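S.K.: Structure incoming, see below.
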Amino acid sequence: MARILVVEDEAAIAELLAMNLRHAGHEVSLAADAAQAQREVDGVLPDLVLLDWMLPGLSGPALLRRWRSVERTRSLPVIMLTARAGEADKVSGLDAGADDYLAKPFSNSELLARVRALLRRQAPQALQASVTIGGLVLDPAAHRVSHRDAGDVRELHLGPTEFRLLHYLMAHPERVHSRRQLLDRVWGDHVFIEERTVDVHVKRLREALAPAGCAHRVETVRGVGYRMNAASATEAPSAGGGAHGCEP
């Protein structure tokens, strides 16, 4: 399941896309113009965006160029949707930063295939590559978490579930994840356990990160879930009272 933002000003088309994506198991939000799309992205970063070329006000390619110029949205997966089927238009869309291009009309099966393909292309990097937020480094291959601060490296000791939870949160920074979503992504949707179990493991994760002063990186979003804060900020003191922090 992925979180997908559909940016389409024609309501009937937007609702049809949303229905088909939800039927395939995805979580979908809708935006009718660039301003609304920007608000959605600013609130919760999606896993993928379906972006229509022709939008009222700012066009799809112009919005995409804006996203590609900002660090937080530079790698946001985007499929451009357009009635422009010419080669020059396709090149223009890709040059704007689109990862893929789908010309209208298209079948639902083709849309879902393109979505699956793009999500697969994103997955290996998230699963295998080291992830760094500030001075916090997670290496999936070595199954190791460390904190680096001014040349000093401190290894942090996490249980297997806390490691998987931290890996997922670090691979999807600044996104709010509900307890149910975390259960599905970290524990697996075949495991039937209570959502409050997530709270227990988040508490343990924070305790494991506390010696490096990084516990506050795992934020509680009241009434929604949890988020990994990747923004630079004044760090809290470590458990030992030192000035360790997660800053770059």
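The values are calculated or read from the model by the stated rules, or taken from the named source; none is laboratory data. Since this is a predicted model, take the numbers as computed values, not measurements. When we count neighbours, we look across all protein chains shown, and the Cβ atoms used for this are built from the backbone with ideal geometry, even at glycine.
S.K.: Quick check on my filter: what residues within segment 24-37 are within 24 Å of His172 (Cα to Cα) and more than 15 Å from the chain's Cα centre (by Cα)?
M.R.: Matches in segment 24-37: Ala24, Gly25, Leu30, Ala31, Ala34, Ala35, Gln36, Ala37.
S.K.: Then there's this: Between Leu45, Leu16, Leu21, which is crowded, with 17+ Cβ neighbours inside 10 Å, more than 18 Å from Glu174 (Cα to Cα), out of contact with any Gly (no Cβ under 8 Å at 6 or more places or on another chain) and not aromatic (Phe, Trp, Tyr)?
M.R.: Answer to the selection: Leu21.
Matching residues to (1) closer than 21 Å to Glu27 by Cα; (2) buried (at least 17 other Cβ atoms within 10 Å of the Cβ); (3) outside the structural domain of Leu51 (by TED's automatic domain parsing):
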site	(1), (2), (3)
Arg114	yes, yes, no
Ala117	yes, no, no
Ala142	no, no, yes
Leu169	yes, yes, yes
Pro173	yes, no, yes
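S.K.: Sticking with this structure for a sec: Condition (residue is over 27 Å from Leu63 (Cβ atoms) and assigned to a loop (DSSP other than H, G, I, E, B)) applied to segment 124-132: is it met by at least one residue?
M.R.: yes
S.K.: Sort out which residues of segment 45-58 are within 21 Å of Arg120 (Cα to Cα) and either of a type in the set (A, V, I, L, M) or modelled with pLDDT of 90 or more (or both), and write them in order of number.
M.R.: Passing the criteria: Leu45, Leu48, Val49, Leu50, Leu51.
S.K.: Can you find a residue that is modelled with pLDDT under 95, among the basic types (Lys, Arg) and outside any helix (DSSP H, G or I) anywhere in segment 212-222?
M.R.: Checked against the condition, which is being modelled with pLDDT under 95, among the basic types (Lys, Arg) and outside any helix (DSSP H, G or I), segment 212-222 yields at least one hit.
S.K.: Tell me the residue from Asp184, Asp199 that is out of contact with any Leu (no Cβ under 9 Å at 6 or more places or on another chain), closer than 19 Å to Leu45 by Cα and assigned to a helix (DSSP H, G or I), please.
M.R.: Asp184
S.K.: While we're here: In this structure, is Glu162 over 21 Å from Pro77 (Cβ atoms), modelled with pLDDT of 90 or more and surrounded by fewer than 20 Cβ atoms within 10 Å (Cβ to Cβ)?
M.R.: No; evaluated as a whole, the condition is false for this residue.
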